[in-house]
Amino acid sequence: MTGPHGKPDGEAAEREQALREALDAADQHLRRGRLEEAGEVYRRVLELEPRNFEAMVGIGDLLLARGQPGDALMAYGNAQKQHPQGSARLFVNKGGALAAVQEVEAAVGSFRRAHALEPDNPDILCNLGSVLVEAGEPAAAIAVFRDVQELRPDAPQSHFGMALAIQAMSDAAWREAAPGSDRIEAAIAAYRAALDCDPAFAQAAVNLAQLLLARGEAEAALDLVERAELQVPRDLPLLMTKAQVHDALGSRGLAVVALENAVLAHPDSLDARAALAQAALSAGKRNRSMAASMEVLARDPEHRAAKFCLGLGLIEDGKFGKARELLGQIADLSDARRLLQFLDMTEGKTDAWALLAAEAGPGPAGAARWDGQAVPGTLTIDATGVDPQLVIALARLVPQAAARAGRLVLCCEPVFGPLLQSLDGVAELRFEAAAGAAEDARLALPALPSVLGLRGRALPGDIPYLVPAPGRDRPWPASLFVANEPVVIVCWREAGTAFGPDQDLPFRTLEPLFDGMPVRFLSLSYQTGANDAALMEDFGIGDLAGLCRDLDDVAAALSLADLVISADGLIPHLAGALGRECWAALPVLPGWLWGRRGLVAEAYPSVRTFRAARTGDWPAVVDDLRGELRARIG
């Protein structure tokens, strides 16, 4: 008896067995990442049998594993010519290669052919579901992942894919598909199910943590990533997400620690080093930040994120010229362009009002944009959504606009309440931006200086131009401001403001100012925890911030004080608008209206500036404040 090739059956069987063992060995090498060994075996098989289908597929798999999907597709095509019916393995891996070259529809077709050959294979279904998400068919993907869960309820990839598909759906599509359920809650539940199946599923933990962060549940996100870290302590996305969570919680030092660990575990990751540079800068570790940025640039001189971060570090070090040179190299990057623009505005090198007018745009459809000419009817000035500091600064110009209109309506956020009602000429205060039925013209508040003919950052106007609402009951006892010693209001952190070290005036740094000073200190600072409260109690500092209902209450408190000492923010602007004496402790790069130099604020004659020479140089600023306060009270 002879075989089909004219050889004895025994010899053919032995040859077939040898080829089978060789292919199994090659596949094992491939699974274990030993690509060279796998390639050598596949090539030997093809030398013996040039049309061996499995070896040809194996070559395609090898090329795909090497990150060469285009070459892999050519190999799969050659294999399919030899065996047109293909195999599940061929169509699955061909689908992966097609997805890698962005031929998503073709990838869907390839996975469907694999599924037709092995309809009960959950791994094939998971691949099909994932590529359906990429193809923009999340509803179809959800149906596929449900089939997987019926076949194998404990398959973590099916729950993970389900979560991705749910996130990819629009709210409207989800409401139609699952009436009465919350889309994000469903995605969170699916990620949790994936982690129940596999606690070491790092990407599920990362995605879930990101969702929790977006919902403001940073503590829950931290607990999640810390538990996942026990399973996969070296996972790079997990460590970088942990840093994000710490940053969201205000624990910037711990964010730096997480990224230092990421760099140790993945020394070749430039993304980890660039993130470390940014985190270190936010934590006030300027030297570490600059070192990390330079480490990245030493390996990739064109790394844009590292250049931007180094530029920030140079600014915080007071080296503005070098920072401008570096940022100029990446001026096409929006963040770099905005920072250069901010520097120009701060230094008076550009027309700030013209820039703000251009950014304000033409206004809502159907409303005529005011051009500064007289308006017999109603003129609306819209301050909604505008930076509160800018609202306070530009409020002085509202009476000039009112003088050119028959009736002026001012739209603003409710927190401004009765305070802006005190402006001359304001006929109506409205807490919404929608155009009124009888509106003749409208203008966004940031465009007002330019329309009134102002240039640069000039901001003339009578001061004070704001006054607290008279006769309004205040939420503090009258005796609070009656004292034998001067009453000084301090503010080192504003409520709702995510201060970084370039802006924050650390409470502990202020201790020399409070210690032994014959002054009644009252605080308008946002307390971030028990430490602030304990220090305030130690120095006998009264808390006003928790009592104030709106900015009118804040203005009333400032008006009653003998002196205001504040970090950069809304408080010094408001004190200046009220004409109250204020000492502003400014960082190396303050809000642009303060400029970069000068002892007295151009926009507010009653505000004196105390400037840090570089980031973190607050002790020198506080020493100056203490000396001036001691001299003032004698």
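The values are calculated or read from the model by the stated rules, or taken from the named source; none is laboratory data. Because the structure is predicted, anything quoted here is derived from the model rather than measured. Cβ coordinates were reconstructed from backbone atoms using ideal geometry, including for glycine residues, and neighbour counts include every protein chain displayed. All accessible areas refer to the heavy atoms of the entire protein, side chains included, with ligands and DNA or RNA removed. Shrake-Rupley method; radii C 1.70, N 1.55, O 1.52, S 1.80 Å.
Can you give me the long-range amide H partners of VAL490? Hydrogens built in the peptide plane at 1.01 Å from N, cutoff under 5 Å, separation of 5 or more residues or another chain.
Those qualifying (amide H under 5 Å, at least 5 residues apart or on another chain) are LEU522, SER523, LEU524, ILE565.
Please work out the Cα convex hull volume for the range 106-235 and give it in Å³ per residue.
It comes to 110 Å³ per residue, whole-number rounded.
Rounded, prolate or oblate: which fits the range 585-631, taking a ≥ b ≥ c as square roots of the Cα gyration tensor eigenvalues, rounded meaning a/c under 1.5, else prolate when a/b beats b/c?
Oblate.
For the chain, calculate the relative contact order in percent as a whole number, restricting contacts to Cα pairs under 8 Å that are 6 or more residues apart.
Answer for the chain is 7 percent.
Grab the beta carbon distance between ASP462 and ALA172, set R0 = 56 Å, and tell me the FRET efficiency rounded to 0.05.
Once rounded, the FRET efficiency stands at 0.60.
Give the distance, in whole Å, between the Cα centre of the range 598-632 and the Cα centre of the range 553-575.
That distance is 15 Å.
Accessible surface of LYS349 in the full protein assembly, 1.4 angstrom probe, to the nearest 10 Å²?
About 130 Å², rounded to the nearest 10.
Quick one: pull the percent of accessible area on the chain belonging to carbon and sulfur, 1.4 Å probe, ligands and nucleic acids left out.
Carbon-and-sulfur percentage of accessible area, whole number: 51.
Just for the Cα atoms in the range 226-266, what are the lengths along the principal axes, largest first, rounded to whole Å?
Extents along the principal axes, in whole Å: 25, 20, 12.
Taking just the alpha carbons, could you work out the radius of gyration and Dmax for the range 10-67, both in angstroms?
11.2, 41
Where both residues lie in the chain, what percent of DSSP beta bridges are antiparallel, nearest 5?
Percent antiparallel among DSSP bridges in the chain is about 5.
Cross-link candidates for LYS307: which lysines have Cα within less than 30 Å, leaving aside residues fewer than 8 places away along the same chain?
LYS242, LYS285, LYS319, LYS322, LYS349
Which of the trypsin sites (Lys or Arg not before Pro) across the range 575-607 are loop residues per DSSP, with 10 or fewer other Cβ within 10 Å?
When the trypsin sites (Lys or Arg not before Pro) of the range 575-607 are filtered for loop state and at most 10 Cβ neighbours within 10 Å, ARG597 remain.
Residues of the chain: accessible area per residue at 1.4 Å, in Å²?
Here the per-residue accessible area is 46 Å².
Once you list every other residue whose beta carbon is under 11 Å from the beta carbon of LEU132, what net charge do they have if Lys and Arg are +1 and Asp and Glu are -1? Don't skip to the end; give the middle numbers.
Numbers: positive: ARG112; negative: GLU105, GLU134, GLU137.
Neighbour charge sum, excluding LEU132 itself: -2.
Would you list the P(r) distribution for the chain, with all Cα-Cα distances sorted into 10 Å bins from 0 and each bin expressed as a whole %?
3, 12, 17, 19, 18, 13, 8, 6, 3, 1, 1, 0, 0
Rounded to a whole number of µm²/s, how large is the Stokes-Einstein D of the range 377-416 at 4 °C and 1.567 mPa s, given Rh as the Kirkwood radius over C-alpha pairs?
Result for D is 123 µm²/s.
If I take R0 = 22 Å and measure r between the Cβ atoms of ARG608 and GLU485 in this structure, what FRET efficiency does the formula 1/(1 + (r/R0)^6) give, to the nearest 0.05?
Details: r = 21 Å, r/R0 = 0.95.
Efficiency, from the Cβ-Cβ distance: 0.55.
Over the range 510-634, what portion of Cα pair distances is larger than 27 Å, expressed as a whole percent? Numbers along the way, then the final one.
Numbers: 1118 of 7750 pairs.
Of all Cα-Cα pairs in the range 510-634, 14 percent lie more than 27 Å apart.
Straight-line reach from LYS81: which lysines fall under 16 Å, measuring Cα to Cα and dropping same-chain residues less than 8 apart?
LYS94
Just to be sure I follow: if Rg is taken over the C-alpha atoms of the range 246-300 and Rh is the Kirkwood radius over the same atoms, what is Rg/Rh?
A ratio of 0.96.
List every residue whose amide H lies under 5 Å from the amide H of VAL375, counting only residues 5 or more places away in sequence or on a different chain, with H placed 1.01 Å from N in the peptide plane.
The list, which skips near neighbours in sequence, is ALA405, GLY406.
In nm², what is the average projected area of the convex hull enclosing the Cα atoms of the range 503-577?
Taking the Cα atoms of the range 503-577, their convex hull projects to 5.1 nm² on average.
Could you give me the percent of Cα pairs per 10 Å distance bin for the range 175-223, shortest bin first, beginning at zero and ending with the bin that holds the maximum distance?
The distribution over the range 175-223 is 27, 49, 22, 2, given as percents.
In units of 2.2 N^0.38 Å, what is the alpha-carbon radius of gyration of the range 224-381?
Details: Rg = 21.2 Å, N = 158, 2.2 N^0.38 = 15.1 Å.
Cα-based Rg divided by the globular estimate yields 1.41.
Any idea how far apart SER181 and ASP387 come out in nm if each label point goes 7 Å out from Cα toward Cβ?
Each label point lies 7 Å from its Cα, and together they span 4.4 nm.
Return the loop-located GluC sites (Glu not before Pro) in the range 1-110 (DSSP other than H, G, I, E, B) with at most 16 other Cβ atoms within 10 Å of their own Cβ; answer none if there are none.
GLU103
Which value, in nm² and rounded to one decimal, describes the direction-averaged projected area of the C-alpha convex hull of the range 161-317?
Details: hull surface 41.5 nm².
Spelled out: convex hull of the Cα atoms, projected over all directions, averaged, 10.4 nm².
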